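Single-structure report; data block below.
The values are calculated or read from the model by the stated rules, or taken from the named source; none is laboratory data. No experiment lies behind these values; they were computed from the predicted model shown. Ideal geometry is used to build each Cβ from the backbone, glycine not excepted, and the neighbour counts take in all protein chains shown. Quick note on the areas: whole protein, heavy atoms, side chains included, nothing else; ligands and nucleic acids left out. Shrake-Rupley method; radii C 1.70, N 1.55, O 1.52, S 1.80 Å.
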Amino acid sequence: MRTLLTNATLIDCIDATPKAHTAVAIGDDGRIASIHLDGAAPAPQGANVIDLKGAYLMPGLWDVHIHPDYLTLAEAPLADQVALFGHRLMSALTDSGIVGFRCAGTHSFMDVAWKRAFDTGLFVGPRLYASGHFLTTTGGHFLTTGHALECDGPYGFVKAIREQIKHGVDHIKLNLSGGIMGPAWDRHWHSFLLDDEIRAAFEICRQREFKVMAHATNPDAVKNALKLGAHSVEHGYIMDDECIELFLKRDAWYVPTLAISHLTPNQAGNEWERSYLKQRNLSPSLCCRADAASDVHAAWFRKALNAGVKMALGSDIRPLKDAALLEMGLWVKDGASPWQTLLAATRHAAAVCGAGDDLGTVEVGKLADLIVVAANPLADINNVRQLQLVLKEGRVVSDKRVPQSGEILK
């Protein structure tokens, strides 16, 4: 069905100035057919006309570093976990306007399964980019739930990567170092792979033309990932000036996942962060490790941002419907402007996933994965929470508008 959105205040994520009195026409193909900045757009025959009454129309949001719930098969049967993951993804689209996700590791290829399910159109869900398992060494990072595969030696990594490719992943997730979460021997300042292992892993990815999503948390790991051709580096808790130079030289992406080091009881700064912490009930040991890492992580985030490193927004936390919104607030808290944060969660996030030609901005010819919010997110980034409408390819999939007395919403 053709759709005409009228009386919009457009934030197209190309220009930082909101454009009032804008009309956007969407064709039968789900793409943006025309944009009328003077608001004078004739309604196509048979079009669904929606008056936005000055609300803010913008691209849908993305989260480019996610995992499903960390449940073992002993805690919940696989069928239950797959169903729960799908529910979480669909809820994130309809409840929070998250139109795209990039997975960073899950067991049993449940991300591939849901990607295919959404692509059929039988389920209304976000766009999903799958990684399958994340790959690390024996005694590597975050092994307890089966989301990681332990690999050893060059051929161990090559075989595991070929297995991921065979099962239909979009990219390869390599864990090159430790993390803030994990047992005592899993530390973010430790690197795990030997030179021949990491080189073999990157070589097979180059040969098969698969992008590497690299978990790298210290300068050694970050530099190895960038020198060997990582498409994106995740976390970067500790870096150095050479890391920043390599990001710029290699034109690679940085996904800082501030939530991992920043969301603790000692750091919570608003009602949403405090509510999240009540839900998660994080262990004291994890909170201590996060608190200790937070200042350094924030400092390198700001240095990368100020240097012009390409950056996209990924949360690495759950629940998925809250995660990107919390991460956006942390970006602003750590020194990003609302505009930089909005770009990271839309235009840049779509580009990381290879979808920038079709998504991430409001432009003629692009797919109409759009959201409408009641207040200006460039004035306060948390205004993205005032969600009114979510559209996927021009079709309204969530309508949270509250009609006035006697009003019929269209």
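Suppose each label sits 7 Å from its Cα in the direction of the beta carbon; what would the TYR70-ASP38 distance come out to in nanometres?
A separation of 5.7 nm, rounded to one decimal place.
Among TYR155, GLY178, PRO256, whose Cα sits farthest toward the positive end of the charge dipole of the chain (+1 at Cβ of Lys/Arg, -1 at Cβ of Asp/Glu, about the Cα centre)?
Ranked along the dipole, the leading option is PRO256.
What residues qualify as long-range amide H neighbours of LEU128, i.e. H under 5 Å apart, gap of 5 or more or another chain, H built at 1.01 Å from N?
Residues meeting the amide H criterion: PHE101.
Can you find, among SER91, VAL402, CYS287, the residue farthest towards the positive end of the dipole of the chain? Put +1 on the C-beta of Lys and Arg, -1 on that of Asp and Glu.
Most positive-ward Cα: VAL402.
Taking the dipole about the Cα centre of the range 302-410, with the C-beta of Lys and Arg at +1 and of Asp and Glu at -1, give me whichever of ALA379, GLY365, ALA344 is farthest to the positive side.
Working it through, the farthest residue towards the positive pole turns out to be ALA379.
Taking θ as phi - 60°, what are the ³J(HN,Hα) couplings along the range 4-12 by the Karplus curve (6.51, -1.76, 1.60), each to the nearest whole Hz, with x for Gly and Pro?
10, 9, 10, 6, 8, 9, 8, 10, 8
Given a 1.4 Å probe and every protein chain left where it sits, what share in percent of the accessible area of the chain is carbon and sulfur?
C and S fraction of accessible area: 51 percent.
Provide the percentage of antiparallel DSSP beta bridges, counting only those with both residues in the range 1-82; round to the nearest 5.
Once the DSSP bridges in the range 1-82 are tallied, antiparallel ones form about 60 percent.
Read phi for every residue in the range 210-215 and hand back ³J(HN,Hα) as whole Hz from Karplus 6.51 cos²θ - 1.76 cosθ + 1.60, θ = phi - 60°, with x for Gly and Pro.
Going residue by residue, I get 10, 6, 9, 9, 9, 6 Hz, with x marking Gly and Pro.
So which chymotrypsin sites (Phe, Trp or Tyr not before Pro) in the range 137-242 are both in a DSSP loop and have at most 13 other Cβ atoms within 10 Å of their Cβ?
Passing sites in the range 137-242 are TRP185.
To the nearest 20 Debye, how big is the dipole of the chain about its Cα centre, given +1 on the beta carbon of each Lys and Arg and -1 on that of each Asp and Glu?
My answer is approximately 440 debye.
Give the residue list of GluC sites (Glu not before Pro) in the range 160-210 that are DSSP loop and have at most 13 other beta-carbon atoms within 10 angstrom.
Passing sites in the range 160-210 are GLU209.
Grab the DSSP H runs of the chain that are 4 residues or longer, score each as -39,500 (n - 2.57), total them, divide by all residues and round the 222 nm result to the nearest 500 deg cm²/dmol.
Rounded to the nearest 500, the figure is -10500 deg cm²/dmol.
If a/c stays under 1.5 just call it rounded; otherwise compare a/b with b/c (prolate if a/b is bigger, oblate if not). Do that for the range 171-275, with a ≥ b ≥ c from the square roots of the Cα gyration tensor eigenvalues.
prolate
For the range 113-144 and the range 31-94, compute the distance between their C-alpha centroids and round to whole Å.
18
Could you check which residue among GLY86, GLY46, GLY30 shows the biggest mean-square fluctuation in a GNM of the chain with a 10 Å Cα cutoff?
GLY46
By DSSP, what percent of the beta bridges with both residues in the chain are antiparallel, rounded to the nearest 5?
Here the antiparallel bridges make up roughly 40 percent for the chain.
Treating the beta-carbon of each Lys and Arg as +1 and of each Asp and Glu as -1, no other charges, what is the dipole magnitude of the range 97-194 about its Cα centre, to the nearest 20 debye?
200
How big is the Rg/Rh ratio for the range 245-376, C-alpha atoms only, Rh by Kirkwood, two decimals?
0.99
What does the charge dipole of the range 197-348 about its Cα centre add up to, to the nearest 20 debye, if the Cβ of each Lys and Arg holds +1 and the Cβ of each Asp and Glu holds -1?
In debye, rounded to 20, the range 197-348 gives about 360.
For the chain, report the accessible area per residue in Å² (1.4 Å probe, heavy atoms, rounded to an integer).
Counting only protein heavy atoms, the per-residue value for the chain is 39 Å².
May I ask which of LYS115/LYS310; LYS211/LYS303; LYS223/LYS303; LYS115/LYS278; LYS173/LYS333 have a Cα-Cα span longer than 19 Å here?
The pairs that break the limit, which is 19 Å between Cα atoms, are LYS115/LYS310; LYS211/LYS303; LYS115/LYS278; LYS173/LYS333.
Return a whole-number percent for the relative contact order of the chain, with Cα pairs under 8 Å and 6 or more residues apart as the contact set.
Normalised by residue count, the contact order of the chain is 19 percent.
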